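Report on the following structure.
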Amino acid sequence: KIFLAAEDKAFINRCINNYLESDLYRTGGLIYSELPFIYRLKKKCYITGKVDNLIIEDDGAIVADFKTNASIRPALMESYCMQVAAYALAINEIYGVPIKKGIIASLFEGRIIEIDISTKSLDEHKKNICEIVSMIERNDFKQKPREKSNCDICGYKEILCR
């Protein structure tokens, strides 16, 4: 048994109810949750991940990532867009499924944020991801986060950034 404070229960209930009331929940098609993938970005470079929600419809797929932040700050939104774009690239290239929508579902806020998944946008995201990987390979990752608070949630806290 896990003890949850009343505010924790309220937070969780709000996220669940917002999802159940969303168009994302009511959409049709074949739904995959927590779909793992390994995507070859370039020679000797792979991205692994799990797509929170993949909906396959007759005319393409919807890639959705769930977020439970109380609010999504602009710097985090930029990272989240790149994350969903990476998922869209992976699903499209691995399975040959055209992606018609990329979505960030802010469950606490009750917002569905559609991101640009045009070919031009995905190509730009892929280029940016490859540049980040190249910086890591060169041990040249000296950029500081725009917001110090991002460090608190980063798995590479004080490892890549100097």
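Numerical summary
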quantity: Close pairs from segment 27-38: first farther than 14 Å from residue 49 by Cα, partner open to solvent by less than 80 Å² (accessible area, probe 1.4 Å) and of a type in the set (S, T, N, Q), Cβ under 7 Å, at least 6 apart; calculated: 31/53
quantity: Condition met for residue 134 (out of contact with any helix residue (DSSP H, G or I) (no Cβ under 9 Å at 6 or more places or on another chain) and assigned to a loop (DSSP other than H, G, I, E, B)); calculated: no
quantity: Residue list for segment 36-60, filter: open to solvent by 30 Å² or more (accessible area, probe 1.4 Å) and either in contact with a Lys or Arg (Cβ under 7 Å, 6 or more places away or on another chain) or not charged (D, E, K, R) (or both); calculated: 36, 38, 46, 47, 48, 56, 59
quantity: Qualifying residue in segment 42-51 (condition: within 14 Å of the chain's Cα centre (by Cα), assigned to a strand (DSSP E or B), over 19 Å from residue 125 (Cβ atoms) and not aliphatic (A, V, I, L, M)); calculated: no
quantity: In segment 1-32, the residues that are open to solvent by 80 Å² or more (accessible area, probe 1.4 Å) and not in a helix (DSSP H, G or I); calculated: 1, 2, 3, 21, 30, 31, 32
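The values are calculated or read from the model by the stated rules, or taken from the named source; none is laboratory data. Quantities reported herein were computed from a predicted structural model and do not represent experimental measurements. Neighbour counts are summed over all protein chains in view; Cβ atoms, including those assigned to glycine, are modelled from backbone coordinates with ideal geometry. The area values use the complete protein model at the heavy-atom level, side chains included, leaving out ligands, DNA and RNA. Shrake-Rupley method; radii C 1.70, N 1.55, O 1.52, S 1.80 Å.
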